[in-house]
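Each remark here refers to the structure printed beneath this line.
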Amino acid sequence: MNIIDFRYRPNTREILEGFFDVFGAFIQQDKGLTRDEYLAGAQTLDTIAEELKAGHMLRAVICGRDIETTFDVRSNNDQIAAFCAAHPELFVGFCGIDPHKGRLAVEEINTRVRKQGFCGVALDPMHARIPADDAEYLPIYETCAALDIPVVITGGPSRLIQGTVIEHGAPRYIDHVADLFPTLKIVISHGCWPFVTEAIGVVFRHENVFMELSEYETFPHANLYVEAANTIIGDKILFASAHPGVDWHDAIQLYEELPFHDKVREKVLWKNAAHVLGLE
């Protein structure tokens, strides 16, 4: 079956280095890997692309992250631009944006989309240390709506990341954004776990809000995501692996085993994402 992965990063060496810089404590504790052991899993971009295509991957959305103001971690948007330029038939770039950069953030969105072919924006409220409806985000949403591009808003608990507050990732703030910008396509990442029922409610309430569940499909109460997909939001759930945090092969196998209805599973694996990306 065809696949569109809505949260993916190629496991090149530079991406793994950046991933370890941010999530090293989690990787060491949960995977038991040192930095060198983790970096040993790096592959060349061409090898990665060949494997994805062999696995029926139609598109892989690469979400950037810019948390320079709060965590002194600069964006990886230049890397993403290079990936998409090398394999435009496969990779879809969403530029990571730091809301604290104001006018420069808006300028970057316009440059990345108009000149480099980026197709969306990725935001991370917990790492920005402000909720998704903070006034600093409003020019970003206005720009995305004007360009008719979707925005990914990262949820999830950001486990072991000092200096983050889980309340900033709550879906109730996305509810406000969706109401203010009804034409803006919004994708909530990681199911906004542990706010499971609240996230489902926000997706159900708004025609323009979607959700991917990467990394939290088997966590406590995550069965409600599948139940909701089978009943009330079957057109709203997107497959995402969060590779390399979760290997994309393992993520696909999990989605083949989760008790989605067959028609819903096909929507989840690629059709809903094709709609969000305008690929119908």
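The values are calculated or read from the model by the stated rules, or taken from the named source; none is laboratory data. It should be emphasised that the depicted structure is a prediction, and the values quoted were computed from it without experimental measurement. In this analysis, Cβ positions are derived from the backbone assuming ideal geometry, glycine residues included, and neighbour counts consider all displayed protein chains. Note: areas computed on protein heavy atoms with side chains; ligands, DNA, RNA excluded. Shrake-Rupley method; radii C 1.70, N 1.55, O 1.52, S 1.80 Å.
Key figures
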quantity: Pairs where the first residue, in the range 18-31, is on the phi < 0 side of the Ramachandran plot and the second is among the basic types (Lys, Arg), C-beta under 6 Å, 6+ apart; calculated: PHE20/ARG35; PHE26/ARG159
quantity: Residue match in the range 224-246 (condition: open to solvent by less than 40 Å² (accessible area, probe 1.4 Å), closer than 30 Å to LEU16 by Cβ, in contact (Cβ under 8 Å) with a residue 12 or more places away in the chain and assigned to a helix (DSSP H, G or I)); calculated: yes
quantity: Conditions (1) open to solvent by less than 30 Å² (accessible area, probe 1.4 Å); (2) closer than 25 Å to VAL165 by Cβ; (3) outside any helix (DSSP H, G or I); number of the one not met by SER75; calculated: (1)
quantity: When residues of the range 106-116 are limited to those that are of a type outside the set (S, T, N, Q) and in contact with a helix residue (DSSP H, G or I) (Cβ under 6 Å, 6 or more places away or on another chain), the one surrounded by the most Cβ atoms within 10 Å (Cβ to Cβ); calculated: ILE109
quantity: Residue match in the range 57-71 (condition: in a helix (DSSP H, G or I), open to solvent by less than 10 Å² (accessible area, probe 1.4 Å) and either out of contact with any His (no Cβ under 9 Å at 6 or more places or on another chain) or not hydroxyl-bearing (Ser, Thr, Tyr) (or both)); calculated: no
quantity: Residues being open to solvent by less than 10 Å² (accessible area, probe 1.4 Å), in a helix (DSSP H, G or I) and more than 27 Å from ARG129 (Cβ to Cβ) - total across the range 84-102; calculated: 0
quantity: Residue count for the range 120-171, restricted to those that are surrounded by fewer than 19 Cβ atoms within 10 Å (Cβ to Cβ) and either part of a helix (DSSP H, G or I) or touching a strand residue (DSSP E or B) at 6+ places or on another chain (Cβ under 8 Å) (or both); calculated: 10
quantity: Sole residue being within 24 Å of LEU90 (Cα to Cα), more than 15 Å from the chain's Cα centre (by Cα), modelled with pLDDT of 95 or more and open to solvent by 20 Å² or more (accessible area, probe 1.4 Å), chosen from HIS249, HIS261; calculated: HIS249
quantity: Any chance ARG7 is open to solvent by 50 Å² or more (accessible area, probe 1.4 Å) and in a strand (DSSP E or B); calculated: no
quantity: Set GLU256, GLU266, GLU217, GLU207: member being closer than 27 Å to ILE140 by Cβ and among the acidic types (Asp, Glu); calculated: GLU207
